[in-house]
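A.B. asks: My questions all concern the structure below.
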Amino acid sequence: MSLPKLDWTSIEQEALEYLQQLLRIDTTNPPGHEQKALEWLQNILRKEGIDCTFYPSAPERGNLLACYSGSGELKPLLLASHIDVVAAEASKWRYPPFSGEIAENCVWGRGAVDMKTMVIYELMAVLLSKRLRLRYKRDIKFLVVCDEEAGGKWGMGWMVEHHPAELEAEFCLNEVGGFSIALKKRVYPIQVGEKGLLWLKVQAKGEPGHASMPGEGNAIFRLLHALEKIRRRPWALRFHPITRGQIRAFVQASSPLEGFVLRLLSFPFVGKKILRLLPEEQRRYFTALLSDTIAPTILQAGTQNNVLPSQARAILDCRTLPQTEHSSFIQQLKQQLGKQIELETLLDMPSVCFPIQEEVFNVLKSVLQSRDPEAVVCPSLTVGFTDAKHLAKLGIPTYGFFPMKLPKGFEFAKLFHGHDERIPLESFRWGLRTFFEAVYRLAAPQTAV
């Protein structure tokens, strides 16, 4: 059944206004306090007669689940998103991070990329289905959770632990994927797997005392020495079947010369040299895609200007390839750092890779190529963390599908957790229509009344 004819001009304007309103609600995590934003969503859904339930998981925090009922002939489709955001350094932004400002042909705000725009895509898909009284063979479940940016303990992890039956679905659409990467042609990766996540605390101890009489056992120097070992640690490019497919897609979409250079990445002893020849954004992306990474993110030491600290700590954000065993990774790191350094695991979430359901993937691919005939579409491994890790415990295959046709030269990847987070208006409008078409087809329409 073909997509119904709609007044997309008014729909896009409504969606944009919703996005602006949501961006103006500060859901910085920590502390989160996402309940206000979730109640805002709940009011919209209930005014349209859509059944929804709020599940409180912590003070001023919780998760919202709405359902648009189909016939039940097929298992449900789950639309998942998170509503919390990371902190923003307002002084470093061109426009206030919680303003929802429209300027320079973009909508600005913390969460525009990660991932309040996706929340609005999913909201509008449910609202339009209800308004059009569409009959689907699947229920559409719309789940908005808190706490993803801190690992999901009170969000998706909490829902999976406490309400697994309510999340039953044949598959899920979630963040990270479906947006274009501009080469000679545009590549649209669809996430079917993601790297593992380890948060480690590294601690060095030293002799406390007066800073006027420093000794050799300074905790800060010991910590810095350990971090320098990490920076200089040996590493290698390693390939997984998913990433090999990604490289092939990038080669297909590139000019002959660019394609030749990208093919060389997979050659032993040559790949790392090729990385150094790539532009910075590509170098950072392919390094993250093809190797285990370790990034110090927090440093803590000292209490007073004139006191030598007794300990110094760093937090390491480690992202691991699917073939990396975390126990072996941690053991090797301990050996590299030596006995004077303590290592504590704060969060351990292994990589997940989902089997590709051809019927689902082909719909997503077909929709993208109908909206952009030059699109090269491929399964992808994301280098970041998403709530797909929690859904994997329930055996729900999760696809990263946040469609946007981005202008060439727009450095989208830098905006995840970066300054000046924003979405081009035309990309937003293009993605909204594309997402609804995908949901419409995946929900298996019967007829409209």
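Coordinate-derived values only; no laboratory data. What you are looking at is a predicted structure, and each value in this text was computed from that prediction instead of being measured. Quick reminder, even Gly has a Cβ in these numbers, built from the backbone with ideal geometry, and neighbours come from all protein chains shown.
A.B. asks: Mind checking which of 367, 343, 289 is farthest towards the positive end of the stretch 255-382's charge dipole, using Cβ charges of +1 (Lys, Arg) and -1 (Asp, Glu) about the Cα centre?
C.D. replies: Projecting each Cα onto the dipole axis, the largest value belongs to 343.
A.B. asks: Sequence-distant or interchain residues sharing an amide H contact under 5 Å with residue 378, placed H: which?
C.D. replies: For residue 378, the qualifying residues are 188, 190.
A.B. asks: Exceeding 32 Å between C-alpha atoms, which entries from my cross-link table qualify? They are 273/393; 116/365; 5/47; 75/153; 229/408.
C.D. replies: Over 32 Å apart, Cα to Cα: 273/393; 229/408.
A.B. asks: Can you tell me how the stretch 369-449 classifies by the Cα gyration tensor, rounded, prolate or oblate, using a/c under 1.5 as the rounded cut?
C.D. replies: Oblate.
A.B. asks: Could you size up the charge dipole of the stretch 117-251 around its Cα centre, putting +1 on the beta carbon of Lys and Arg and -1 on that of Asp and Glu, and report it in debye to the nearest 20?
C.D. replies: Values: 22 positive and 14 negative charges, 182 e Å.
For the stretch 117-251, the charge dipole is close to 880 debye.
A.B. asks: Please state the relative contact order of the chain as a whole percent: Cα pairs under 8 Å, 6+ residues apart?
C.D. replies: It rounds to 25 percent for the chain.
A.B. asks: While we're here: Using the Cα centre as the reference, give the magnitude of the dipole from point charges on the C-beta atoms of the stretch 280-406 (Lys, Arg: +1; Asp, Glu: -1; all else neutral), rounded to the nearest 20 debye.
C.D. replies: So the magnitude is around 180 debye.
A.B. asks: Would you please put 391-404, 416-429, 94-107 in order of how densely packed they are, using the mean number of other Cβ atoms within 10 angstrom per residue and starting with the highest?
C.D. replies: My ranking of the peptides, most packed first, is 391-404, 416-429, 94-107.
A.B. asks: Farthest toward the dipole's positive end in the chain, which of 247, 86, 266, given Cβ charges of +1 (Lys, Arg) and -1 (Asp, Glu) about the Cα centre?
C.D. replies: Farthest towards the positive end: 266.
A.B. asks: What is the log10 of I(q)/I(0) for the chain, computed with the Debye formula using one identical point scatterer on each Cα and no solvent, at q = 0.10, 0.13 Å⁻¹?
C.D. replies: Result of the Debye calculation: -0.76, -1.23.
A.B. asks: Rounded, prolate or oblate for the stretch 91-177? Axes are the square roots of the Cα gyration tensor eigenvalues, ordered a ≥ b ≥ c, and the cut-off for rounded is a/c under 1.5.
C.D. replies: Because a/c hits 1.5 or more and a/b fails to exceed b/c, the stretch 91-177 counts as oblate.
A.B. asks: Another question, if that's okay. Can you list the aspartates and glutamates whose alpha carbon sits under 13 Å from that of residue 195, skipping same-chain ones fewer than 8 residues off?
C.D. replies: 292, 317, 325, 348, 387
A.B. asks: For the ranges 327-339, 433-445, 48-60, what's the packing order if you count other beta-carbon atoms within 10 Å of each residue, average per peptide, and put the highest first?
C.D. replies: Numbers: 327-339: 13.3, 433-445: 22.2, 48-60: 15.0.
Packing proxy ranking, top to bottom: 433-445, 48-60, 327-339.
A.B. asks: How big, on average over all directions, is the shadow cast by the Cα convex hull of the stretch 174-269, in nm²?
C.D. replies: Numbers: hull surface 42.3 nm².
Taking the Cα atoms of the stretch 174-269, their convex hull projects to 10.6 nm² on average.
A.B. asks: With charges only on Cβ, +1 for K and R and -1 for D and E, what is the dipole size of the stretch 30-94 about its Cα centre, in debye, rounded to 20?
C.D. replies: 180
A.B. asks: Per DSSP H run of n ≥ 4, the term is -39500 (n - 2.57); total these for the chain, divide by its residue number, and report the mean residue ellipticity at 222 nm rounded to 500 deg cm²/dmol.
C.D. replies: -10500 deg cm²/dmol
A.B. asks: Would you mind checking which residues have amide H under 5 Å from residue 206's amide H? H placed 1.01 Å from N; only 5 or more apart, or other chain.
C.D. replies: Residues meeting the criterion, in which the H sits 1.01 Å from N, are 219, 311.
A.B. asks: Excluding same-chain residues fewer than 8 positions from residue 205, which aspartates and glutamates have a Cα within less than 18 Å of its Cα?
C.D. replies: 216, 228, 342, 344
A.B. asks: Residue farthest toward the positive end of the dipole of the stretch 69-187, with Cβ of Lys/Arg at +1 and Asp/Glu at -1: which of 162, 119, 72?
C.D. replies: Of 162, 119, 72, it is 72.
A.B. asks: Next question. So in the chain, what percent of DSSP beta bridges are antiparallel if you round to the nearest 5?
C.D. replies: Bridges in the chain that DSSP calls antiparallel: roughly 70 percent.
A.B. asks: When a/c reaches 1.5 or more, the comparison of a/b and b/c decides; with that in mind, is the stretch 190-325 rounded, prolate or oblate per its Cα gyration tensor?
C.D. replies: Verdict is prolate for the stretch 190-325.
A.B. asks: Packing-wise, with mean Cβ within 10 Å as the measure, how do 176-186, 211-221 rank, highest first?
C.D. replies: Descending packing order for the listed peptides: 176-186, 211-221.
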